[in-house]
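*Asks:* One structure, pasted below without further comment.
The values are calculated or read from the model by the stated rules, or taken from the named source; none is laboratory data. The model shown is predicted, which means the values in this text are computed figures rather than measured ones. Positions of Cβ are backbone-derived with ideal geometry, glycine not excepted, and every protein chain shown enters the neighbour counts.
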Amino acid sequence: MSARPGLEAPRSLGNLRVLELATHWAAPHPVRLLSDLGAEVIKLEARPRPDLIRGMVYAENDPGDGLGNRAGYFHEGARNKLGITIDLTKPTGQELCRRLYRLVDVVVENFTPRVLTGFGLDFPVLHRLNPAAVMLSNTAFGRTGPYGDYTGYGATAEAMGGLASLTGYPEGRGTYSGPRKVGFHYGDPVAGVFNAAAILLALRHARRTGRGQHIDMSMAEAVTASVGEIVLDYQFTGREPQRRGNAHPQMAPHGCYPCRGDDCWVVIAVTSDAAWQRLVKVLGAPDWARSEALATAAGRLAAREELDRHLSAWTGGQDRWDVARKLQAAGVAAGPVLTNKEVLLDPHLKERGFFTPVDHPDGGLRPVPGVPYRMSRTPPRVFRPAPSFGEHNNLILGELLGLTAGELERLAAEEVISQAPSPEYKFSPPFPLEDWQRAAVHIRDLDPDHRKLLGLED
């Protein structure tokens, strides 16, 4: 195959090839992490079953031609990947996939367990064709046990893994009392990071032994592992974990406090006795804060609710950014709560160049989240936009597998491959106009330096 653009410099995973048979977030996310490090990723979709995230959050709230090529989530999650379409329900498509199995190092999938077996594409088949290849299967509850065949997503894993029982306020706090899911499908990225680590460990084993492995990832178990200290505390003490809202078991004050404006907040965490004294100084040393009992963490924890009331009264008439800057300057941990729009405009992320401009033929020039870490000799980066639907069919099936132009035309006529999703498949509609206008980031919102930094102007 021809050289990958942007990979002239060495990349830590530059010799790795991954086949992604996955949709949504938890399984594509670790593959994206590998692609940022230079792995060649072939993302496989099907005419009747495009990736679900092609239908989420369109540029300018406009789905365009309806092919799912303007979706923001897809632009972020599929960047650096090559995109092909093969209908795995057709025997010809299954055979094409088996041919790809021979040429890859890793296969990532998130079907329910019975699906790949029915297609003749499960791990025993991969292992026979390519003994050193690794397969990762991401499911809500693992492939075995009473829930093995159940479908689930990040929110399902969040509930079944125990996290949702810990988030939310204690009973008696009104609407927000009781178990609450976090603001997004937290189980997906948690499982995604576990998946990436498991793949790299399995590859290390394969390099040493020549034998691949089948990784059976349960999203619910990954979520449980992410709250391991809560599980251990229950195992050793028998105490049922209690929901505590924004409270912290060792720190006080510790919370999210209202500021001037509509739904504007600042978070403040007093991490030590010295930090408390610095906060008192910023507050102007009011009488209530000079109590000797508040000089220790134990005293502040006992007066937690009273402290929250005083801090809320102090922050309530101020701008959240002003509060955060004053406290940060004094050495007190604090930060404004940001909307999605404000995250893009955040000065800390701007200073670090976190958002990276990517030019997509259908979506246009857009900033996407970059790589949150740096490597000196093999720097990870965003080097290719997310693929349009079936964009690299000719490259992968023609150049890599060696199919002729005539064979590709026949596969297209038989709808084994395609350049467009099935007309019967309906992507999600655009957001209500008022919701989109409230969240949208316009070029006019950015100062000239910021626009230049994001590559939005010369």
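*Asks:* If I filter segment 208-230 down to residues being surrounded by fewer than 16 Cβ atoms within 10 Å (Cβ to Cβ) and at pLDDT 95 or above, which single residue comes out as farthest from ARG143 (Cα to Cα)?
*Replies:* Restricting to residues being surrounded by fewer than 16 Cβ atoms within 10 Å (Cβ to Cβ) and at pLDDT 95 or above, the top hit is ARG208.
*Asks:* Residues of segment 343-382 being within 26 Å of THR271 (Cα to Cα) and surrounded by 15 or more Cβ atoms within 10 Å (Cβ to Cβ), which ones?
*Replies:* Passing the criteria: ASP346, LEU349.
Each row is one residue, and each column tells you yes or no for (1) closer than 30 Å to ALA159 by Cβ; (2) of a type outside the set (Val, Ile, Thr).
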residue	(1), (2)
ALA247	yes, yes
HIS254	yes, yes
ALA269	yes, yes
GLN277	no, yes
VAL280	no, no
GLY284	no, yes
ASP287	no, yes
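*Asks:* Another question, then. Tally time: how many residues in segment 101-144 are assigned to a loop (DSSP other than H, G, I, E, B), more than 27 Å from the chain's Cα centre (by Cα) and not hydrophobic (A, V, I, L, M, F, W, C)?
*Replies:* 4
*Asks:* Restricting the search to segment 87-141, which residues are at pLDDT 95 or above, among the β-branched types (Val, Ile, Thr) and closer than 18 Å to ASP51 by Cα?
*Replies:* Of everything in segment 87-141, those that are at pLDDT 95 or above, among the β-branched types (Val, Ile, Thr) and closer than 18 Å to ASP51 by Cα turn out to be THR89, VAL107, VAL108.
*Asks:* Scan segment 399-458 residue by residue and report those that are part of a loop (DSSP other than H, G, I, E, B), at pLDDT below 65 and out of contact with any strand residue (DSSP E or B) (no Cβ under 8 Å at 6 or more places or on another chain).
*Replies:* ALA440, VAL441, HIS442, GLU457, ASP458
*Asks:* Do you know which residues across segment 72-100 are among the hydroxyl-bearing types (Ser, Thr, Tyr) and part of a loop (DSSP other than H, G, I, E, B)?
*Replies:* THR89
*Asks:* Give just the number: which of (1) more than 21 Å from ARG54 (Cβ to Cβ); (2) at pLDDT below 90 does GLY364 not satisfy?
*Replies:* Just one mismatch for GLY364, condition (1).
*Asks:* Given the condition assigned by TED's automatic domain parsing to the domain that holds VAL190, touching a residue at least 12 places away in the same chain (Cβ under 8 Å) and on the phi > 0 side of the Ramachandran plot, answer yes or no: does some residue in segment 16-39 qualify?
*Replies:* The answer is yes, given that some residue of segment 16-39 is assigned by TED's automatic domain parsing to the domain that holds VAL190, touching a residue at least 12 places away in the same chain (Cβ under 8 Å) and on the phi > 0 side of the Ramachandran plot.
*Asks:* Here are some conditions: (1) outside the structural domain of ASN130 (by TED's automatic domain parsing); (2) within 20 Å of ALA157 (Cα to Cα); (3) in a helix (DSSP H, G or I). GLN242 meets all but one. Which one does it not meet?
*Replies:* The failed condition is (3).
*Asks:* Quick check on segment 148-167. Is at least one of its residues over 23 Å from the mean Cα position of the chain (by Cα) and free of Cβ contacts under 8 Å to residues at least 40 places away in the same chain?
*Replies:* Looking for residues that are over 23 Å from the mean Cα position of the chain (by Cα) and free of Cβ contacts under 8 Å to residues at least 40 places away in the same chain, one finds at least one in segment 148-167, hence yes.
*Asks:* Please report, ordered by residue number, the helices (runs of 4 or more DSSP H) entirely within segment 289-340 with at least 2 residues that are surrounded by 14 or more Cβ atoms within 10 Å (Cβ to Cβ), under 33 Å from the mean Cα position of the chain (by Cα) and modelled with pLDDT of 95 or more.
*Replies:* Passing ranges, in order: 304-315, 320-330.
*Asks:* Right, something else. Can you pull out the residues in segment 216-239 that are touching a Lys or Arg at 6+ places or on another chain (Cβ under 8 Å) and in the same structural domain as GLY161 (by TED's automatic domain parsing)?
*Replies:* ASP216
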